[in-house]
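Here is the structure we will look at, set down as structure tokens.
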Amino acid sequence: MKLLLDSTRCHGYGLCQEPAPELIELDEWGYAQVRPAEVPDGDEDAAEAAVAACPNSALRLEK
């Protein structure tokens with residue numbers, strides 16, 4: 001499973017990082033950066049919560 005970010009849709013709210021700090025870091029302006037793209041085993045729920053938390057649908061999961 002991969003966590004993908006459409007950076008053109010990110011508005012820097014930072015809500016996605018709260019449920020998945022091990023998968024998403026925020027830059028100095030609050031914009032999301034996905035690390036790593038491949039979701040490690042055991043972090044699937046956190047990745048799904050991050051996708052759900054984004055108000056602009058900037059994140060998506062690909063299987």
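The values are calculated or read from the model by the stated rules, or taken from the named source; none is laboratory data. Computed from a predicted structure; not experimentally measured. Cβ placement follows ideal geometry from the backbone for every residue including glycine, while neighbour counts extend to all protein chains displayed. The area values use the complete protein model at the heavy-atom level, side chains included, leaving out ligands, DNA and RNA. Shrake-Rupley method; radii C 1.70, N 1.55, O 1.52, S 1.80 Å.
Which whole-number percent is the relative contact order of the chain (Cα, under 8 Å, 6+ apart)? Before the final figure, lay out each step's value.
Details: 110 pairs, mean separation 29.5, N = 63.
Taking the mean separation of contacting Cα pairs over the length of the chain, I get 47 percent.
Tell me the chymotrypsin sites (Phe, Trp or Tyr not before Pro) within the range 12-63 that lie in a loop according to DSSP and have at most 11 other beta-carbon atoms within 10 Å. Let's see the in-between values first.
Details: sites: Y13, W29, Y31; in loops: Y13, W29, Y31.
For chymotrypsin sites (Phe, Trp or Tyr not before Pro) across the range 12-63 that sit outside H, G, I, E and B with at most 11 neighbouring Cβ atoms in 10 Å, the list reads W29.
Accessible area per residue of the chain at 1.4 Å probe, in Å²?
With the other protein chains kept in place, the chain gives 62 Å² per residue.
Answer with one residue from A20, P36, A58: the one whose Cα lies farthest towards the positive end of the charge dipole of the chain, charges on Cβ with Lys, Arg +1 and Asp, Glu -1.
A58
What value, in deg cm²/dmol to 500, does the helix sum -39500 (n - 2.57) over DSSP H runs of n ≥ 4 give at 222 nm once divided by the residues of the chain?
On the way: 1 runs with 10 residues, N = 63.
One gets -4500 deg cm²/dmol as the mean residue ellipticity at 222 nm.
Report, to the nearest 10°, how far helix 44-53 tilts away from the longest principal axis of the Cα atoms in the chain, using its own Cα long axis and a range of 0 to 90°.
30 degrees
Return the Cα extents of the chain along principal axes one, two and three, sorted largest first, each rounded to a whole Å.
Principal-axis extents of the Cα atoms in the chain, largest first: 29, 17, 16 Å.
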